[in-house]
Amino acid sequence: MNDDMRSTIDHLLNAPLFTLQKTPVTLLALVFFGVAILVTVLVARLAERATKRGFALRGVTDPGTAGLTARLVQYAVIVVGFGIALQSFGVNLNSLFAATAFFAVALGFAMQNVAQNFVSGIILLTERTIKPGDILQVENRLVRVTRMGLRATIARTRDDEDLIIPNSTLVQNTVTNYTLRDALYRIRATVGVSYNADLNEVTRVLTSAATDFPARDTTQEPRVLLTGFGDSSVNFEVSVWTRDAWRSRVDISALNSAIWTGLQEAHISIPFPQRDVHIISQPSVTLEPQA
């Protein structure tokens, strides 16, 4: 390629075609702008696929959550790439960014709760401290997580009721996750025995009932504690570890039945509440007949 041809090509590429915001636009700038837009679209698609793959690796099976997040990532990449392309094209984006920031602030005040739940949803999906299938205690209710979204989490109660829990509730409040590290769950049963009972025998019977409890996790030893002396009974607490917090009410009922059977077989009585009533007799008053 000779110098004349190079000069001609350089002139064609750098010759101003029109002016945009007092900036001459050349053919080379148009080519760069088109390439930048093409690269932005390709990167946005790759980012969308990578986001979906990341959710799949983290065990998020909800297609709505993964799809929505991936689409938001794609849009963010497109906006950033388009802005860079316009800036290189000679368009001043300062005024546009100022208007966008003002609009974002106004929209943020108007949709504060929605934005708060959205950010909380991203935090939950990122930290993975709560996952579908986990058993939680939220606002004194035991629930099982069935689906997690960016705005709310769907959970089911033991009464087969579906709860829509805002994600901000799970992030800002104290939530007990019974399946975060393991599925161990302790159940407790209380019982009172007569003051005439042999406490060593009572402890043996309660320990045997707890040890033979079918739902007990065998890696953890049961515990029998004397918790206090009541008005009518000596009170004990029996606790065992299980592997299913969702069945805690059923397991507590079975443990109470096992304790009752053990005490009955050992002829240890569970006293009724008793009160001693003392009747103080009043002195009799004799009325003399009037004349």
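The values are calculated or read from the model by the stated rules, or taken from the named source; none is laboratory data. Please read these numbers as outputs of a predicted model, since none were measured by experiment. Neighbour counts are summed over all protein chains in view; Cβ atoms, including those assigned to glycine, are modelled from backbone coordinates with ideal geometry. Note: areas computed on protein heavy atoms with side chains; ligands, DNA, RNA excluded. Shrake-Rupley method; radii C 1.70, N 1.55, O 1.52, S 1.80 Å.
Excluding GLN74 itself, calculate the net charge of residues whose Cβ lies under 11 Å from the Cβ of GLN74, where each Lys or Arg counts +1 and each Asp or Glu counts -1. Could you put the intermediate results ahead of the total?
Details: positive: ARG45, ARG49, LYS52, ARG71; negative: GLU48.
Summing Lys and Arg as +1 and Asp and Glu as -1 gives +3.
Going through the range 176-226, which chymotrypsin sites (Phe, Trp or Tyr not before Pro) have at most 13 other Cβ atoms within 10 Å and a DSSP loop state? Before the final figure, lay out each step's value.
Numbers: sites: TYR178, TYR185, TYR195; in loops: TYR178, TYR195.
Qualifying residues, ordered by number: TYR195.
For the range 256-270, backbone nitrogen atoms closer than 15 Å to the point 7 Å from ARG204 Cα along Cα-to-C-beta are found at 262-268.
Applying 0.36 nm per residue to the separation of ILE280 and ALA56 and subtracting their alpha-carbon distance, the gain on full extension is 72.6 nm.
With K and R counted +1 and D and E -1, the other residues having a Cβ less than 15 Å from that of ASP251 yield a net charge of +4. In plain terms, the chain from GLU139 to ASN256 could stretch by 39.5 nm, reckoned as 0.36 nm per residue minus the Cα-Cα distance. A cut-off of 5 Å between modelled amide H atoms, ignoring neighbours fewer than 5 places along the same chain, links LEU163 with ALA155, ARG156, THR157. Pop the C-beta distance of VAL80 and PHE272 into the FRET formula with R0 = 45 Å and round what comes out to the nearest 0.05. Efficiency, from the Cβ-Cβ distance: 0.05. Taken along the Cα-to-beta-carbon direction at a fixed 7 Å, the label points for ARG71 and ARG243 span 4.1 nm.
The mean sequence distance of close C-alpha pairs (under 8 Å, at least 6 residues apart), as a share of the length of the range 175-275, puts its relative contact order at 40 percent. Within the full protein context, the accessible area of THR203 is estimated at about 50 Å² for a probe radius of 1.4 Å. Residue by residue, the range 143-149 carries 3J(HN,Hα) couplings of 9, 10, 6, 10, 7, 10, x Hz when phi is fed to the Karplus relation 6.51 cos²θ - 1.76 cosθ + 1.60 (θ = phi - 60°); x denotes Gly or Pro.
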